[in-house]
């Protein structure tokens, strides 16, 4: 089968990781083009990944007819517009999360996807491709926990990334969008239902700057579902032990918990501190395999004419929920979530 | 040193456990009297524990001058009145939780305790005496987690107790009082602060009867603190894997988690299911040592003229918080917690 | 039921622990006498435990007719002789392990036990009373692991005790007797069979003194059973993380493993080291409950006229196996184990 | 950089996995040829992996000048001869373990490697490329466990593979070669020293056929090192819980343990059995990443003109140790290991 010729836009930390996977580790993928406004990133893509066509303009890249599919790893605020132009240019599209930073943007992307039903569109909720989450979902779907009624999610960024977080404080959209979006996608996926109301709390504890810009260093949110189901979420920016992503789905006949200890690997040390398990340090480390598997799924879908199970509306709804969470946090009040806006 | 002569009121499941400890396993304790309205319980106390003085009237037991201290393990609604009459009769008092089922009752107990400053009064928040919780508190107090900012508590009763729970559904005070009181006490203890607002959700999932009587089979609550700290709690009545009590305190420099797996003991099985850790089945199993240690502390306090660190106001406040939680659950709205009522 | 009046001989670290349990925490026990050659220990027993009759001569204590049962926690080399004199004096006897330090001694104890069939004799293999080991044994006996064919035991003393170990190096009988005796008892118990051959290795790694006196700082032994079963054992004197006792029984249909992490309690810390479980520091900490439960069993047996399941021959055979292990280690050759010597 | 053109010989279970990795998931690799005596395997390689040149003769494949490097995944008994002919034909060589099934064969391979110093030769001890083992080795090498003095290895094949094991019983070389070779390589790697003596035991417990053909269903071996270090190993063919590979390196200042629970992934289930961790089922599942990483290292070495850290003598010595272990098992006696044979 012929390889899918791919162009990528955005070569930051995650973008470069995607590019590397597309160039070397994805069956059926050929990375033929890259676009970035940072020239050194293009040089790196050319030299290290052998990318032949480099662009500083996304539109120019889209004009390259060899490019069949586009991977969007640019700034969040650009996603939706780029999705539309790429689809309109006849390309398959994989976009990083979040779909958009407001609902109007999301609607643009939704419309574009609807207008190009023959094209593959996929959203980068990579956790859905992590083998442990796939396993957990399979257990839930096959009744091993009975009826799932409660989702508990923890997402703590490591303190090693605090400088970047402080630098972008105020511009990130806030913790409930920036970090929360993943758990929001997960609880929709696991509970199979959209929440109708949210209440949220948050503050700063070690890094007052987050509060100063109206954001929180850590926050919690609780979601009400029409059926009576519940979701609880804890997001934080500065875990000293590493990158801590933990999820539990509790049901009437059991529970499944993913990575209660964010173990770096299968090794345990015994030393004067006791029994010690080192933890993963960053999201690329924790989700290395997921990032590869989601792109493999994208390429497989293109090759096989299939559609991924994540649809564009998943992006819109998770954004709507994240925005409502932010509103609840800012207002100190419960907020009804309106999906028709 | 002379033994403390103790009378117990209430010989139900937990009362009988206390009686057994007082009779056999507490240094400095002598169980000399017991009171119950169930004659077979008194017979058991006499035959198995050698209790010499049996009563069906609490007032009669209090008249026994040999009795220096009273352990109250009767129905929750009787605690406060019995605390008052026992203190007024010149006895030291240990009372099971909750202090009372409404604030007026609690105030009666508070007043009685204040009027008898020379008497030991202790409230049975046994988790505070569990070695793992003592260890966790010590870590928190000694700065090992930095500033604690978030408490996460899980309290799931085992499905093996569901029949009793269904039988008393409607009469238990509700899940947020019945089960929640322990986590409420814990977060006050760990965070060192009282919450100012609560929001709560709950429903029934496998056992609709709880909803029918206005209670919930499982519920979650989130608490706001003036300092920005947060507490989250999950209570449930029917965990299939056993009695699951799990607690985490997250701070700016670390976290401490107690019993993420409610392991029955230190053994792990490897069988066709995989690696299996059996779980504790009930609260007497999980907290066997705590029940002994809290009574040992009570007896030690009496002998040494010390006061326990749990004070009567801990009982009032935890009841106030539990009642506010119930109100939040019933109203579907956030509720401010008023401690001056 | 009347309390069993007990005298104890030996008030060292473990002896004093036993005395405290007998005085305060064992149902049916009354500690009425104590014997030690260290006067300060007797003073402590009198003052802290309220022991009324103190002796510096074991024979004198035996003359006290009030004493019905004797707990022997003296030096290993005295056990057998004291067992005999106590039984001959009409007392029930609990003796600490090992039964004796040579087979001739053991035979003296065996004979005494046989001559007093109406008396309870019990040997202090406390691990058999640890709830996790009881659970594991129950699983094995009820077929949950199929036919058990392999025993793996680890017994590492903590480095915190190294000074004492170095001081007594050369006088302890050697690591395979001193530490190994417990695992030897365990594999006999779990596999239900006595080994026929042993091969052993050992050396010193951080503390050369052990090798200088002909002992080992750490050693391993492997045991052959006539049926084809196997036991492997690892003993060490200086684990930096604490007191590490770990046991696994592997069978044809599963395995059961006890305390792979010698956790201090149920708490886990998350800090800059990762996820940390502190470990138990010493044997009194790890086996606190076992020490109480084995004495409770002894007292129950006396009161109920039952015999414990550990018999005197268990003591002789474990000593024979330990001595054969020592011989294998010293000779560098496999050694057949002769139980008829 | 130009891709390395690779031919593979042997397309059984592991060979096909290697082929798939070489075709799709290894940076710098191009799978251009395959050799097998099973035509359906060649058809599969052509259809699924796009291999253009298929051979039923290894010599014919070697004549293909396009082929720069050869991956040998044929029957163990063919490895050494194929290594020699491939190196003589000017190819780089990666060979699966074991190097050879007797020492004479190994010497042929050693000689061939020595005669072609400009060629890359690598042996497939994939565990050395598993991230958890790499981490453990790094900890040991950087002094985190002090001086490593004891290696404990467990290697249990899953019962799901028992039929194949029974079918090839008698032809596998025996459990200590077939399964043991990996642990033998590991203890040489971790302890940095070769053992001088071995003692081994083994038998059959559920599957008598292994004993009937002179092999064992499960076996244990203990190794003596000149420095006093020790290695212990347990191999078994029929673990009901899955594929259990566990390793511990104990040192004077700590220990490191790899995969005490052979967890399938990061998820834990809570159900009526308790807290359950499902286990990996097979070696391709457990070592999927290692198989990829070892071939990536091979390709990187070829491209960069480097040599892998596993040398041909590692293959010879591990075979010598495995053969001595087998001799010890068969004779029931300790066996000195002679590396000069």
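The values are calculated or read from the model by the stated rules, or taken from the named source; none is laboratory data. A quick note: this is a predicted structure, and the numbers were derived from the prediction, not measured. FYI the Cβ positions are ideal-geometry reconstructions off the backbone, even for glycines, and counts take in every protein chain you see.
Listing for the model above:
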| quantity | calculated |
| --- | --- |
| Qualifying residue in the range A:278-286 (condition: in contact with a helix residue (DSSP H, G or I) (Cβ under 6 Å, 6 or more places away or on another chain) and closer than 30 Å to residue C:281 by Cα) | yes |
| Among the candidates C:148, C:131, residue that is within 14 Å of chain B (Cβ to nearest Cβ), within 25 Å of residue D:205 (Cβ to Cβ), in contact with a helix residue (DSSP H, G or I) (Cβ under 9 Å, 6 or more places away or on another chain) and at pLDDT 95 or above | C:148 |
| Failed item, numbered, when residue D:212 is tested on (1) farther than 19 Å from residue C:147 by Cα; (2) crowded, with 24+ Cβ neighbours inside 10 Å | (2) |
| Exclusive hit being within 22 Å of residue B:149 (Cβ to Cβ), within 13 Å of chain B (Cβ to nearest Cβ) and crowded, with 20+ Cβ neighbours inside 10 Å, set A:169, A:231, A:206 | A:231 |
| Residue match in the range B:49-65 (condition: in a helix (DSSP H, G or I), closer than 23 Å to residue B:290 by Cβ and either touching a helix residue (DSSP H, G or I) at 6+ places or on another chain (Cβ under 9 Å) or at pLDDT 95 or above (or both)) | yes |
| Qualifying residues in the range A:310-336 (those that are part of a loop (DSSP other than H, G, I, E, B) and within 14 Å of chain B (Cβ to nearest Cβ)) - the one surrounded by the most Cβ atoms within 10 Å (Cβ to Cβ) | A:334 |
| Elements of type helices (runs of 4 or more DSSP H) contained in the range C:79-167, each with 2 or more residues being in contact with a strand residue (DSSP E or B) (Cβ under 7 Å, 6 or more places away or on another chain) and farther than 30 Å from residue D:239 by Cβ | C:79-88, C:162-167 |
| Residue check for residue B:307: part of a loop (DSSP other than H, G, I, E, B) and closer than 30 Å to residue B:5 by Cβ | yes |
| Filter result (under 11 Å from residue C:34 (Cα atoms) and assigned to a helix (DSSP H, G or I)) within the range C:1-17 | C:15, C:16 |
| Which listed residue is free of Cβ contacts under 8 Å to residues at least 12 places away in the same chain and more than 20 Å from the chain's Cα centre (by Cα), from A:197, A:167 | A:167 |
| Residue in the range B:286-302 that is part of a helix (DSSP H, G or I), more than 9 Å from chain C (Cβ to nearest Cβ) and modelled with pLDDT under 95 present | no |
| Selected residue [in a helix (DSSP H, G or I) and either at pLDDT below 95 or touching a strand residue (DSSP E or B) at 6+ places or on another chain (Cβ under 9 Å) (or both)] from A:186, A:201 | A:186 |
| Filtered residue count, the range D:262-277, keeping only those that are crowded, with 22+ Cβ neighbours inside 10 Å and either touching a helix residue (DSSP H, G or I) at 6+ places or on another chain (Cβ under 7 Å) or closer than 28 Å to residue D:176 by Cβ (or both) | 4 |
| Residue check, residue B:30 in a helix (DSSP H, G or I), touching a residue at least 24 places away in the same chain (Cβ under 8 Å) and over 27 Å from residue B:105 (Cβ atoms) | no |
| Selected residue (criterion: surrounded by the fewest Cβ atoms within 10 Å (Cβ to Cβ)) from residues of the range D:240-250 that are at the interface with chain C (Cβ under 8 Å from one of its Cβ atoms) and either in contact with a helix residue (DSSP H, G or I) (Cβ under 8 Å, 6 or more places away or on another chain) or outside any strand (DSSP E or B) (or both) | D:240 |
| Filtered residues of the range D:215-225 (kept if in a strand (DSSP E or B) and surrounded by 24 or more Cβ atoms within 10 Å (Cβ to Cβ)) | D:218, D:219, D:220, D:221, D:222, D:223 |
| The range D:260-274: number of residues that are assigned to a strand (DSSP E or B) and within 9 Å of chain A (Cβ to nearest Cβ) | 6 |
| The one condition in (1) more than 14 Å from chain A (Cβ to nearest Cβ); (2) surrounded by fewer than 22 Cβ atoms within 10 Å (Cβ to Cβ); (3) within 30 Å of residue A:47 (Cα to Cα) that residue D:33 fails to fulfil | (2) |
| Selection status of residue D:257, within 12 Å of chain A (Cβ to nearest Cβ), more than 17 Å from residue A:267 (Cβ to Cβ) and modelled with pLDDT of 95 or more | no |
| Any chance residue A:237 is surrounded by fewer than 23 Cβ atoms within 10 Å (Cβ to Cβ) and either in a strand (DSSP E or B) or touching a strand residue (DSSP E or B) at 6+ places or on another chain (Cβ under 7 Å) (or both) | no |
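Results for (1) surrounded by fewer than 24 Cβ atoms within 10 Å (Cβ to Cβ); (2) within 13 Å of chain D (Cβ to nearest Cβ), shown as yes or no for each residue.
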| residue | (1), (2) |
| --- | --- |
| A:2 | yes, yes |
| A:6 | no, no |
| A:14 | yes, no |
| A:19 | no, yes |
| A:27 | yes, yes |
| A:37 | yes, no |
